[in-house]
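The values are calculated or read from the model by the stated rules, or taken from the named source; none is laboratory data. Everything numeric here is computed off the predicted structure, so don't read it as measured data. We place every Cβ from the backbone using ideal geometry, glycine too, and count neighbours over all the protein chains shown.
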Amino acid sequence: MIDIIEEQNKAQEHIKQQGLRVLVCAGTGCVANGSLKVIEKFKELGANVSALTDYDKMTIVPTGCHGFCEQGVLVIIPDKHVTYVKVKVEDVEEIFESHIKNGTPVERLLYKDPKTNEAIHKNDDINFYAKQTRTALKNCGKINAESLEEAISVRGYEALAKVITENNPDNVIDTITKSGLRGRGGGGFPTGMKWKFTAANRGGKSYVVCNGDEGDPGAFMDRSVMEGDPHKLLEGMAIAAFAIGADEGYIYVRAEYPLAIKRLRKAIADAEERHFLGENIMGSDFSFTLHIKEGAGAFVCGEETALIASIEGERGMPRPKPPFPANKGLFGRPTLINNVETLANVPLIILNGADWFASMGCDTSKGTKTFALTGEVNNTGLIEVPMGTTLRQIIFDIGGGIRGGKKFKAVQIGGPSGGCLTEEHLDISMDYDSLIKAGAMVGSGGLVVMAEDTCMVEVARFFMNFTKNESCGKCVPCREGTKNMLKILEKIVKGKGEMSDLDKLEELAHTVKDGSLCGLGKTAPNPVLSTLKYFKDEYIAHIKDHKCPAGVCSAMKKITINADLCKGCTKCARTCPVGAIEGTVKNPHKINQEKCIKCEACLNACPFKAISKE
């Protein structure tokens with residue numbers, strides 16, 4: 001049996017020998033912003049170790065996502081307690097010369113608090129990080145995601161060694177059950193109960209499947225775990241397999257996540273080489289083999305039966321339940337399906353105990369939850385907070401408030417299947433049950449913050465367009481219902497709606513919600529129903545007044561020319577792409593409203609400010 005504590009001691013000694021560690025985000029977002037060039041420049045400068053005063057060595061550590069995506073490229077120097085933001089390759093030499101060599105921080109690259117505009121010198125004082133509680137994301141941004149040694153140094157595979165040594169699968173399930181962990185993929189089903197149902201079929205062939213098919217617009221929680229701490233996911237899957245008696249598993253990952261796939265493949269190969277996966281794990285009689293299945297990008301494959309069909313080589317379409325996957329799943333065998341975040345919590349629960357996890361969160365929703373915070377908020381990125389944290393705390397403390405001093409209007413929670421909540425919900429507890437009561441849902445964890453200049457009817461149209469396109473078409477309520485709901489919404493934003501359309505829209509929404517086969521259809525109407533409930537006045541304004549209160553819907557804009565100011569220079573007419581401007585040289589022009597497409601090209605072209613929009 002492998003002595004995991006001895007392995008940890010070796011790994012931690014290896015970390016100590018690295019000298020000054022400079023953590024550079026190499027997650028997808030920062031890579032797109034040039035972090036690989038930043039890493040190379042640091043390595044080039046770090047070759048001159050004699051220049052360092054307090055260290056005989058400097059190691060550049062490419063990490064996973066730090067979470068603070070708005071500020072990438074991020075460079076963190078833990079020993080100096082500093083975070084540098086928006087770092088470019090040309091900034092690296094200044095950081096090296098000024099701070100690393102001479103101890104003087106580079107002020108202009110420090111994060112500035114959006115409320116005070118003051119530079120923050122210490123990591124612990126940055127509200128974005130200080131107000132979070134990280135468990136699933138604990139190691140993301142702190143270790144080299146492609147190093148098994150670094151994973152071991154932060155207790156990687158210790159939980160797996162513990163359950164194998166104790167050799168009590170039922171006790172593992174009891175621990176997960178007592179912890180109160182619920183599925184983090186959106187459904188919120190008790191994880192321990194799902195494991196117990198699947199374990200009832202021990203003795204024959206069974207599977208563990210990780211659902212990494214993260215399809216919500218703007219959501220990247222699971223991607224960050226797979227990219228930043230892949231061994232934690234592998235360990236969570238191995239523990240689940242041990243508990244239910246499975247010897248084989250699949251990680252279903254979107255093909256649009258190439259970096260996550262690359263790091264998972266390397267992590268699996270490295271773990272197999274060290275006998276943390278594969279045959280006779282850690283010298284025991286427990287074996288567990290893992291495969292990666294790349295998904296083709298169908299949103300519906302986030303639904304577990306559609307995901308199973310996709311792994312089997314069929315078109316990803318859901319099937320009726322029962323039978324549930326716990327009894328008849330992948331290749332007709334009992335199958336446990338959990339999402340990435342759920343499985344990433346498992347090793348920590350095993351190591352720290354059920355009571356530790358249950359001490360966080362609230363009565364019916366234990367532990368922490370990751371959220372992708374996006375939209376009109378100062379600090380966008382990936383966050384993790386205890387269940388029960390309020391929207392106000394997330395948006396105004398961690399998120400730093402609304403951009404440009406605008407007024408908060410709404411937040412879309414739970415992705416395209418979630419709902420829109422308003423200012424009156426800012427103090428609502430972010431947990432499964434409270435959000436359902438308010439007409440929203442936790443979902444996978446997408447949070448899109450909207451300011452006063454957002455059109456809620458257009459928001460509903462946008463999300464309905466997404467779900468209509470992602471419907472697999474198998475069942476009539478979803479296939480036809482989403483299409484017809486979208487038609488009504490498009491009619492309204494074009495200024496052609498009728499009051500009777502609102503009744504039709506609500507009736508269709510309930511039909512789709514009640515009659516659809518899978519979770520996609522059952523939750524697709526949520527954005528429409530929630531905006532109708534909380535922002536019905538905006539729908540009425542679009543229909544009765546032919547006006548978009550937010551000034552967003554282009555069909556309702558009216559661009560006009562002030563005859564008193566127009567000099568007849570014809571510049572606007574020459575700019576108009578559809579020939580909507582009529583008139584002769586040196587005489588006032590007019591806009592043919594029937595032809596006008598509201599592109600505003602004429603408004604920008606007029607040198608006399610004679611053109612305006614209403």
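With the checklist (1) part of a helix (DSSP H, G or I); (2) farther than 29 Å from Leu517 by Cα in hand, flag the one item Leu290 doesn't pass.
For Leu290, the failing item is (1).
Can you name the condition, by its number, that Glu272 falls short on among (1) part of a helix (DSSP H, G or I); (2) buried (at least 18 other Cβ atoms within 10 Å of the Cβ)?
Among (1) part of a helix (DSSP H, G or I); (2) buried (at least 18 other Cβ atoms within 10 Å of the Cβ), the lone unmet condition for Glu272 is (2).
Restricting to region 477-489, what's the tally of residues that are in contact (Cβ under 8 Å) with a residue 24 or more places away in the chain and among the β-branched types (Val, Ile, Thr)?
So the count comes out to 1.
Identify, please: which residue in region 5-45 is surrounded by fewer than 18 Cβ atoms within 10 Å (Cβ to Cβ) and charged (D, E, K, R) and is, among those, farthest from Lys86 (Cα to Cα)?
Only one residue tops the list, namely Glu6.
Name the one entry in Ile281, Ile261 that is in contact (Cβ under 8 Å) with a residue 24 or more places away in the chain, of a type in the set (Val, Ile, Thr) and closer than 24 Å to Ile349 by Cα. Give the derivation first.
Working: Ile261 fails: closer than 24 Å to Ile349 by Cα.
Answer to the check: Ile281.
State all residues of region 113-137 that are in a helix (DSSP H, G or I) and either within 23 Å of the chain's Cα centre (by Cα) or in contact (Cβ under 8 Å) with a residue 12 or more places away in the chain (or both); if no residue qualifies, say none.
Initially, region 113-137 is screened for residues in a helix (DSSP H, G or I), giving 123-125, 127-130.
Those that are in a helix (DSSP H, G or I) and either within 23 Å of the chain's Cα centre (by Cα) or in contact (Cβ under 8 Å) with a residue 12 or more places away in the chain (or both): Asn123, Asp124, Asn127, Phe128, Tyr129, Ala130.
If you scan region 86-111, which residues turn out to be surrounded by 14 or more Cβ atoms within 10 Å (Cβ to Cβ), of a type in the set (D, E, K, R) and farther than 21 Å from Leu36 by Cβ?
Glu97, Lys101
Restricting to region 435-470, what's the tally of residues that are over 21 Å from the mean Cα position of the chain (by Cα) and of a type in the set (Gly, Ala, Ser)?
Total meeting the criteria: 1.
Here's a check for you: in region 241-269, which residue that is surrounded by fewer than 22 Cβ atoms within 10 Å (Cβ to Cβ) and over 29 Å from the mean Cα position of the chain (by Cα) is nearest to Ala296 (Cα to Cα)?
Of everything passing the filter in region 241-269, Asp247 is nearest to Ala296 (Cα to Cα).
Checking the conditions here, which among Ala145, Ala136 is within 19 Å of Val75 (Cα to Cα) and modelled with pLDDT under 95? Full working, then the answer.
On the way: Ala136 fails: within 19 Å of Val75 (Cα to Cα).
The unique qualifying residue is Ala145.
Results for (1) acidic (Asp, Glu); (2) outside any loop (DSSP other than H, G, I, E, B); (3) over 19 Å from Val172 (Cβ atoms), shown as yes or no for each residue.
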{"position": "Pro323", "(1), (2), (3)": "no, no, yes"}
{"position": "Phe331", "(1), (2), (3)": "no, yes, yes"}
{"position": "Ile337", "(1), (2), (3)": "no, yes, no"}
{"position": "Ala344", "(1), (2), (3)": "no, yes, no"}
{"position": "Leu348", "(1), (2), (3)": "no, yes, no"}
{"position": "Trp356", "(1), (2), (3)": "no, yes, no"}
{"position": "Thr364", "(1), (2), (3)": "no, no, yes"}
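Rundown of residues vs (1) touching a strand residue (DSSP E or B) at 6+ places or on another chain (Cβ under 8 Å); (2) acidic (Asp, Glu), yes/no style:
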{"residue": "Ile292", "(1), (2)": "yes, no"}
{"residue": "Ala298", "(1), (2)": "no, no"}
{"residue": "Glu303", "(1), (2)": "no, yes"}
{"residue": "Ala309", "(1), (2)": "no, no"}
{"residue": "Phe324", "(1), (2)": "no, no"}
{"residue": "Leu330", "(1), (2)": "yes, no"}
{"residue": "Thr335", "(1), (2)": "yes, no"}
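Residue-by-condition table, conditions (1) crowded, with 23+ Cβ neighbours inside 10 Å; (2) at pLDDT below 95; (3) in a helix (DSSP H, G or I):
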residue	(1), (2), (3)
Met464	yes, yes, yes
Lys487	no, no, yes
Lys522	no, yes, yes
Ser530	yes, yes, yes
Ala541	no, yes, yes
His546	no, yes, no
Pro549	no, yes, no
Val552	no, yes, no
Gly568	no, yes, no
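Among the residues of region 520-543, is there at least one that is over 29 Å from Phe408 (Cα atoms) and in contact with a helix residue (DSSP H, G or I) (Cβ under 9 Å, 6 or more places away or on another chain)?
Yes, some residue in region 520-543 is over 29 Å from Phe408 (Cα atoms) and in contact with a helix residue (DSSP H, G or I) (Cβ under 9 Å, 6 or more places away or on another chain).
Please verify whether Cys301 is within 28 Å of Glu470 (Cα to Cα) and either modelled with pLDDT under 95 or among the charged types (D, E, K, R) (or both), treating the condition exactly as stated.
For Cys301, the condition - within 28 Å of Glu470 (Cα to Cα) and either modelled with pLDDT under 95 or among the charged types (D, E, K, R) (or both) - is met.
From the list Thr389, Thr342, Thr335, exactly one residue is buried (at least 19 other Cβ atoms within 10 Å of the Cβ), farther than 30 Å from Gly203 by Cα and at pLDDT 90 or above. Which is it?
Just one listed residue meets the conditions, Thr389.
Any residue at all in region 427-440 that's aromatic (Phe, Trp, Tyr), without any contact (Cβ under 8 Å) to a residue 40 or more places away in the chain and either crowded, with 22+ Cβ neighbours inside 10 Å or not assigned by TED's automatic domain parsing to the domain that holds Ile597 (or both)?
Taking every residue of region 427-440 in turn, none turns out to be aromatic (Phe, Trp, Tyr), without any contact (Cβ under 8 Å) to a residue 40 or more places away in the chain and either crowded, with 22+ Cβ neighbours inside 10 Å or not assigned by TED's automatic domain parsing to the domain that holds Ile597 (or both).
So which residues in region 283-292 are more than 20 Å from Glu146 (Cβ to Cβ) and either buried (at least 20 other Cβ atoms within 10 Å of the Cβ) or hydroxyl-bearing (Ser, Thr, Tyr) (or both)? Break it down stepwise before answering.
Here is the first cut: in region 283-292, the ones more than 20 Å from Glu146 (Cβ to Cβ) are 283-289.
Across region 283-292, the qualifying residues are Ser284, Ser287, Phe288, Thr289.
Give Ile60, Ile2 a once-over and let me know the one that is closer than 20 Å to Glu149 by Cβ, crowded, with 19+ Cβ neighbours inside 10 Å and of a type in the set (A, V, I, L, M, F, W, C).
Ile60
Would you point out which residue out of Ile383, Ile394 is in contact (Cβ under 8 Å) with a residue 40 or more places away in the chain and part of a helix (DSSP H, G or I)?
From the options Ile383, Ile394, the qualifying one is Ile394.
Inside region 415-425, can you point out the residues that are at pLDDT below 85 and either surrounded by fewer than 24 Cβ atoms within 10 Å (Cβ to Cβ) or in a helix (DSSP H, G or I) (or both)?
Gly415, Pro416, Ser417
When region 236-269 is examined, which residues are found to be assigned to a strand (DSSP E or B), over 20 Å from Pro169 (Cβ atoms) and charged (D, E, K, R)? Break it down stepwise before answering.
Step one: list which residues in region 236-269 are assigned to a strand (DSSP E or B), which gives 248-254.
Now drop any that are not over 20 Å from Pro169 (Cβ atoms), which leaves 250-254.
Selection gives Arg254 alone.
Only one of Leu532, Leu486, Leu520 is out of contact with any Asp or Glu (no Cβ under 7 Å at 6 or more places or on another chain) and of a type in the set (A, V, I, L, M, F, W, C); which?
Checking each option against the conditions leaves just Leu486.
Those residues that are under 30 Å from Ile543 (Cβ atoms) and either in a strand (DSSP E or B) or touching a Pro at 6+ places or on another chain (Cβ under 9 Å) (or both), I need them from region 570-581; list them, please.
The first filter runs over region 570-581 and keeps only residues under 30 Å from Ile543 (Cβ atoms), leaving 576-578, 580-581.
Answer for region 570-581, where residues must be under 30 Å from Ile543 (Cβ atoms) and either in a strand (DSSP E or B) or touching a Pro at 6+ places or on another chain (Cβ under 9 Å) (or both): just Ile581.
Conditions (1) buried (at least 17 other Cβ atoms within 10 Å of the Cβ); (2) modelled with pLDDT under 95, marked per residue:
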| site | (1), (2) |
| --- | --- |
| Ala161 | yes, no |
| Asn168 | no, no |
| Gly188 | yes, yes |
| Met237 | yes, no |
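Give region 489-520 a look and list any residue that's exposed (fewer than 15 other Cβ atoms within 10 Å of the Cβ) and polar (S, T, N, Q), or say none.
Ser500
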